[in-house]
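Below is one structure, written out as structure tokens, with a few remarks after it.
FYI, it's all coordinate maths here, none of it is from the lab. Just so you know, these numbers come straight off a predicted model, no measurement behind them. All Cβ positions, even for glycine, are placed from backbone atoms using ideal geometry, and neighbour counts span all protein chains on display.
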Amino acid sequence: MVNIGVLISGSGTNLQAIIDAIDKGLIKGNIKVIISNRKDAYGLERGKKANIESIFIDPKGYSNEEYGRILVQELKKRDVELVVLAGFLKILSKDFIAAYRNQIINIHPSLIPSFCGKGYYGEKVHRAVLDYGVKYTGATVHFVDEGADTGPIILQEVVKVDNNDTVETLREKVLRVEHKILVEAIRLYCEGKITIEGRKVIINRE
Ligand code: GAR
């Protein structure tokens with residue numbers, strides 16, 4: 001069983017998908033702790049309802065490096081081996097990434113390398129997709145490196161953009177795909193079926 005730590009900032013629907021998949025026995029892992037950088041993140045309630053330790057760690061008064069050190073301390077204290085960013089809208093410090101190299105997974109609501117990087121998060125991504133007029137968008141699960149959304153890609157899935165889509169309808173469609181590929185990536189990781197070769201992620205599905 002892999003010890004998982006989930007970092008969130010908001011509603012936590014991706015977190016819920018992970019909790020549900022673990023409950024169904026689909027993932028060989030356990031969530032040891034949920035950490036939010038926002039006090040009012042609804043994901044904390046979801047965690048508590050599932051009897052998982054769910055804590056708010058206030059970033060106020062800390063530099064990003066200091067905050068990163070605190071997060072790593074809390075995760076290591078609980079023997080976390082895989083960190084999942086499930087709508088965690090804060091850039092991780094370099095030391096954090098070094099402490100969990102190739103052990104941090106992020107979900108992003110577009111087909112990276114489109115509509116990603118600095119400033120592209122949450123609904124802003126869907127707004128940009130609609131403004132640009134692309135016909136397809138989607139979701140990406142990737143490992144986290146020092147850049148913004150630049151790490152090796154694990155899974156992606158396409159979502160069609162329809163003429164009458166709004167930020168809200170697109171968000172809903174993309175979220176459904178996010179939940180699916182995030183759970184699948186965690187499942188594969190926990191079963192040791194993922195290897196990284198440079199920028200490429202090799203998935204061994206046998
Ligand atoms: C999700 O759409 C996730 O992909 C996005 O925030 C949302 C969180 O929703 N993350 C990013 O934009 C990261 N750059 P949730 O709290 O309901 O899981």
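Among 167-176, 2-11, how do they line up from the highest to the lowest mean number of other beta-carbon atoms within 10 Å?
The densest-packed peptide leads the list: 2-11, 167-176.
Per residue of the chain, what 222 nm ellipticity follows from adding -39500 (n - 2.57) for every DSSP H run with n ≥ 4, rounded to the nearest 500?
Taken over the chain, the calculation gives -11000 deg cm²/dmol.
If contacts are Cα pairs under 8 angstrom and at least 6 residues apart, what is the relative contact order of the range 47-206 in percent?
Computed over the range 47-206, the figure is 17 percent.
Where does each of GLU53, GLU81 land when they are ranked from fewest to most other beta-carbon atoms within 10 angstrom?
Least crowded to most crowded, the residues run GLU53, GLU81.
Give me the net charge for the shell around GLU53: Cβ to Cβ below 14 angstrom, other residues only, Lys and Arg +1, Asp and Glu -1.
Charge balance near GLU53 sits at +3.
Return the sequence-ordered ³J(HN,Hα) values of the range 100-108 in whole Hz as given by the Karplus equation 6.51 cos²θ - 1.76 cosθ + 1.60 applied to θ = phi - 60°, using x for Gly and Pro.
Rounded to whole hertz, the list is 10, 3, 6, 10, 10, 10, 10, 10, 10.
Quick check: from the Cα gyration tensor, does the range 18-120 come out rounded (a/c under 1.5), prolate or oblate?
Verdict is rounded for the range 18-120.
Return the long-range amide H neighbours of GLY138 (sequence gap of 5 or more, or a different chain), with a cut-off of under 5 Å between placed amide H atoms.
LEU111, VAL159
Sort 100-108, 158-166 for me by packing, meaning the mean count of neighbouring Cβ atoms within 10 Å per residue, highest on top.
Top to bottom by mean Cβ count within 10 Å: 100-108, 158-166.
For the chain, what proportion of DSSP beta bridges, expressed in % and rounded to the nearest 5, is antiparallel?
The answer is about 45 percent antiparallel.
What does the C-alpha gyration tensor say about the overall shape of the chain? Classify as rounded when a/c is under 1.5, otherwise prolate if a/b is larger than b/c, or oblate.
Here the chain falls in the rounded category.
With respect to the cross-link table entries LYS24/LYS60; LYS135/LYS200; LYS24/LYS94, which display a Cα-Cα separation exceeding 32 Å?
In this structure, LYS24/LYS60; LYS24/LYS94 lie more than 32 Å apart at Cα.
Kindly write out, for the range 6-18 in residue order, the coupling ³J(HN,Hα) from the Karplus curve 6.51 cos²θ - 1.76 cosθ + 1.60 (θ = phi - 60°), rounded to whole Hz, with x marking Gly and Pro.
Along the range 6-18, the couplings run 10, 9, 9, 10, x, 4, x, 5, 5, 4, 4, 4, 5 Hz.
Please arrange THR13, THR140 by how many other C-beta atoms lie within 10 Å of their C-beta, fewest to most.
THR13, THR140
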